[in-house]
Amino acid sequence: MKIPRLRILRTAGVRARRKKRRSGAPKVRIAPQKRKLLVAMLLSAVAFLLVIGKLFDVSVIKGQNWTQKAMRQWTRVTSVKAERGRILDRNGTVLASSYTTYQVCVNPQNIQESDRERIAYILSTYLELNYDVVYAKLTKTREKDKTTHERVLLSQVKIKDQVDKEVISKLNSMQLGSGVSYYSDVKRDYPETGYYAQLIGFTNIDGDGQTGVELTYNKYLAGENGYQKADTDRDNNPVPGGEEEYIDPIPGADLILTTDTGYQGILENALQEACYINNAKSVQGILMNPNTGEILAIGTYPTFDSSNPPRSDAKTLLELSKNRIVTDTYEPGSAFKVITLAAALETGTVTQATRFKCSGSLLVRGERIKCWKSGGHGEESLADAVANSCNPAFMSMALKMGVDTFYDYIYRFGFDEPTGSGVMGETSGSVMHKKYVRDADLARIGFGQSVSCTGMQLCAAFSACINGGELLKPYIVSEIVDRDGNVLLRNERTVVRQVISKSTSETIRSLLRGVVERGSGRNAQVPGYSVGGKTGTSQKYDENGNVSSSKLIASFIGFAPVDDPQFVCLIIVDEPQVPQVYGSTVAAPFVQQVLAASLSYAGIAPDIESRIAVVPNVRGLTVKDANKALSDAGLTGIYLEAEEQSTVTNQSPAANTQVVRGSTVMLYSSGYSFFAEVEEETETVKVPKLIGKDRIDALDALKKVGLILDYDRTNCAGEVFEQDIPDGTEVPIGTVVHVQFQVKE
C-alpha cells in the first residue's frame, strides 16, 4: 500500500528530533547571578506585599485604635470637675455647698533620682502623709516588656485629693518643678453641722452622693465634668504653640428643700433631749404642714456629723444614716385609733351621740380582749371614749364597720404603700390581707395592733383627718433650679384623694382637743394655744417574733391650733428605759416643746386663754419633796411610791418651762429600776403570791403572767420572805417585782 507523502515527512521529523536529543545536545542554563536576582526580586515582591498589607492593617483596619494610642502619648487630657449643686432650705440658708480644692499628683519620670527624697519629705510634711508611702509612689514602676521584664517609672501617680489652696501655695513656693502637678478638685461642706444628717446625707471622696438627698437627687446635683486637652512632649510638658482645647464643666443644679432650719433646730433639740431623758434606744420625729404636705423638719437621734461621718465603722454609719421616720415600721398603737374614728364617723357607724359601755374587756368570738384599764371605763360617750382611749369602744367601731368597709378606709388613708415623700429609704409598712382577718384581728386593728406603718404614713394619714379630709402627698424637695435660673423640677401641694368630709374632719379635731385638755394628752398643752393629739404605746417583738414584755415604743402625735392647724408633730421614742412608759409622759412633753417653739417662731397669735404654770427646778430634792414643790406650783409629779426617798436626778419638762396649770411632770430618781408600765394597749395582770417560794418557783410564777423577777444576785438562796408589790395588785404586763430571800434556820 502506498504511504502518503505527508505522513512520511512528519515521521521523519519526529525521528530527527529524537536522534538529536539522544546525541546529547546542550541544555539552556540560567546564570547564578541572574538566579539570585530573580530570587531577590521575588522576595522583595513578597515583602512589599506584606508591608502593603501591614500598612493597610495599621492605617485602615486598626487605624482608629493606633490613632487614639498616639493621641494619648502626645496629648494630655485633664478632667475639670463640675461644681456640685447646693442644697438650701426654704429660706435660702445653705445646707450643703462645694468649694474648690486641689488634687496633688507626682510625675516620677520627671523627678531626678537625687531629688526624690527631698520631694517625698516636703509632700509628706505639708500633706500630712506617711513619708514611706509618698516615697513609694515617687518610685512606682510598671512592666514595660513582658519578655525582658524591664520596668519603667510611671508617668503620673495621685498623692492626695481635696487639698486646700493654702497648702498648694506653700508647695508652689518649694520649687518642686515638673515632678509635681496640681489639678482643681471640689470638696463638700455642710455649714449647719449637727442638723439634717439623715436627710441630707453625705458624699464620697469623689463628690458623688452616698446617702440622703445627696444620693436620691445625685443626677441633678452632680453636673457634668469638663476637660482640658493640650499637646505635650515626652516628659508630659505642654508644647509651646501646641493645640489646646478647654471644655467648661456644667455645674450641678441647686436643690431647695421644704424644711426650715429654725424648725429643724427646734425638732432636733427636742429629739436629743427625749433620747437622753428617757434613756432610749433612738428617737425619731417629724414636723409637717398638714395643709400642704410640706415637711418642715425631720430627724432621728442619735445622729452624726455629715462633714465628718464615721466611715471607719460601716455598720455604725449605716445605722446612724437611717431616717427612721420613713425606714422603720412599728405598730402605732392608740395613735391608729384616730383612723378608726375617722372611718366610723364618715360611714355613720358612730355619731357624737353614740354611747359605749366598757367593762374592762370585750368578748370577740370566744376570745376575751382586755381594755388597758383594769375594771373598764363604764358608761361613756364618744368624746369620753376618745379621751379615755378605750380599747373596747374602738374594737366595737371596727367590728361594726366590718372588714371590707374598714379596710377600704385603711387603704384610702394610704397605709400599706409608700407616701412618695422623696426621703431616702421609705418603706410601706404592713397590713394583714383582709382574706386572713378574723374578727379578733379586726378588733385589734381597731386599736392599733396587728398593723404596722412608718411614722411618715401615720403623719400623712393623721393630717388628712384634721385638714378637711384630704390625703396629701408629703414632700421634702420644693424646687430644683439650675445655675441659669431654670426650674428643672417643682413639687407643689398634691391631693392624693379626698378621704373624709370636712364636717367629719371638724368633728375629729374637736374630739382630739378633748384628749389633750382632759385625757391622756394633757402634757401636750401649750399655754395660749389650743392643741389636739393622741398618745400611742405599743409593744415590740423580739428576735423570735414573740411579743417582748419590756421593749416598748411610746409616741405622741399632736397639732395646733385646733381650728386652723398649721403644724402636726409626731415624736416616736423607741425602747425608753424609764420607770413608767406612758405616751403622755415619754413623748407628749417633747411634742409640746416643738409645737410651742414652732408657733412662736412662726409668729402665730395665741387663740385661747389658759392658766400658766412655770415648772420649778426639783433636781436634787427627794422625790417626796419634789412632788410637794410641783403641787405648790399647780402641777402633778409622776413617780413610783417606792422611790419617795430617792433623789431626783432629772425631770421632764425641764425647769422654767411654761406649761398649762395641771400638767404632769415626770420625775426620774437615782433609785428607779426599769419596768414597763404602759398606759394603754398592754393588759394588766394580778401579782401572784411569792412569799414562801424559792427562786425558781417565783420566777416561773411571774413568767406565767408576764411579770419580771428582780432580786439581789448576791443573796438569792432560800425562800422569798418579802415582795415589794403585794400579791393581788393589778399591774401592767412587764412590771418588775423585787423580792428578798432568806434561808430558814
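The numbers here are math on the coordinates, done by the rules we state, and not lab data. Keep in mind the model is a prediction, meaning the values are calculated, not measured. No Cβ is skipped: glycine too gets one built from the backbone with ideal geometry, and neighbour counts run over all protein chains shown.
Along Cα→Cβ, 7 Å out, is where each label goes; now give me the distance between the ones at residue 367 and residue 611 in nm to one decimal.
Roughly 4.6 nm, to one decimal.
Taking the alpha-carbon centroid of each part, what is the distance from the range 298-325 to the range 342-388 in angstrom?
Cα centroid of the range 298-325 versus Cα centroid of the range 342-388: 42 Å apart.
Return the lysines within reach of residue 624: Cα separation strictly under 28 angstrom, same-chain partners fewer than 8 residues apart disregarded; answer none if there are no such residues.
Answer for residue 624, where 28 Å is the Cα cut-off: 373, 686, listed by chain and number.
Hey, what number do you get for the chain at 222 nm if only DSSP H runs of n ≥ 4 count, each worth -39500 (n - 2.57), divided across all residues, to the nearest 500?
So the helix-based figure for the chain works out to -9500 deg cm²/dmol.
Among 356, 304, which comes first, then next, by fewest other beta-carbon atoms within 10 Å?
304, 356
So what's the angle, to the nearest 10 degrees on a 0 to 90 scale, between helix 391-412 and the longest Cα principal axis of the chain?
That helix lies at roughly 30 degrees to the long axis.
Kindly put 369, 256 in sequence by how many other C-beta atoms sit within 10 Å of each C-beta, fewest to most.
Numbers: 369 18, 256 23.
The most exposed by this proxy come first: 369, 256.
Pull up the cross-link candidates among the lysines for residue 62, meaning alpha carbon to alpha carbon under 26 Å and not fewer than 8 places away within one chain.
The qualifying lysines are 54, 144, 146, 229.
What list of ³J(HN,Hα) couplings, whole Hz, do you get for the range 174-188 from phi and the Karplus terms 6.51, -1.76, 1.60, once you set θ to phi - 60° and write x for glycine and proline?
Per-residue couplings from phi come out as 8, 6, 8, x, 6, x, 10, 10, 10, 10, 5, 9, 10, 10, 8 Hz.
Could you go through the range 568-574 in sequence order and give the Karplus-derived ³J(HN,Hα) for each residue, using 6.51 cos²θ - 1.76 cosθ + 1.60 with θ = phi - 60°, rounded to whole Hz, and x for Gly and Pro?
Result, ordered by residue: 10, 10, 10, 10, 10, 9, 9 Hz.
Each label point is 7 Å from the Cα along the Cα-to-Cβ direction; what then is the distance between the points at residue 129 and residue 353, in nm?
8.4 nm
What is the local net charge at residue 420, summed over the other residues whose Cβ is closer than 9 Å to its Cβ (Lys, Arg +1; Asp, Glu -1)? Walk me through the numbers before you get to the answer.
Numbers: positive: 473; negative: 417, 426.
Neighbour charge sum, excluding residue 420 itself: -1.
Multiply the residue gap between residue 717 and residue 228 by 0.36 nm, knock off their C-alpha separation, and tell me the result in nm, one decimal place.
Stretched fully, the residue 717-residue 228 segment lengthens by 167.8 nm.
Any chance you could run the full-extension gain for residue 57 through residue 492? It's 0.36 nm times the residue separation minus the Cα-Cα distance, nm to one decimal.
Numbers: separation 435, 0.36 × 435 = 156.60 nm, distance 6.10 nm.
Stretched out fully, the residue 57 to residue 492 stretch lengthens by 150.5 nm.
What is the local net charge at residue 84, summed over the other residues whose Cβ is closer than 15 Å to its Cβ (Lys, Arg +1; Asp, Glu -1)?
Here the count lands on -4.
Once the mean 1/r over all distinct Cα pairs of the chain is inverted, what Kirkwood radius in angstroms do you read off?
32.0 Å
Counting only other residues whose beta carbon sits under 15 Å from that of residue 116, what net charge do I get with K and R as +1, D and E as -1?
-1
Under a cut-off of 17 Å between alpha-carbon atoms, report the aspartates and glutamates in cross-link reach of residue 140, not counting same-chain residues fewer than 8 places apart.
Within reach: 113, 115, 117, 132, 150, 235.
Specify which residue in the list 639, 323, 104 is farthest towards the positive end of the charge dipole of the chain, using unit charges on the beta carbon of Lys, Arg (+1) and Asp, Glu (-1), about the Cα centre.
The Cα lying farthest towards the positive end belongs to 104.
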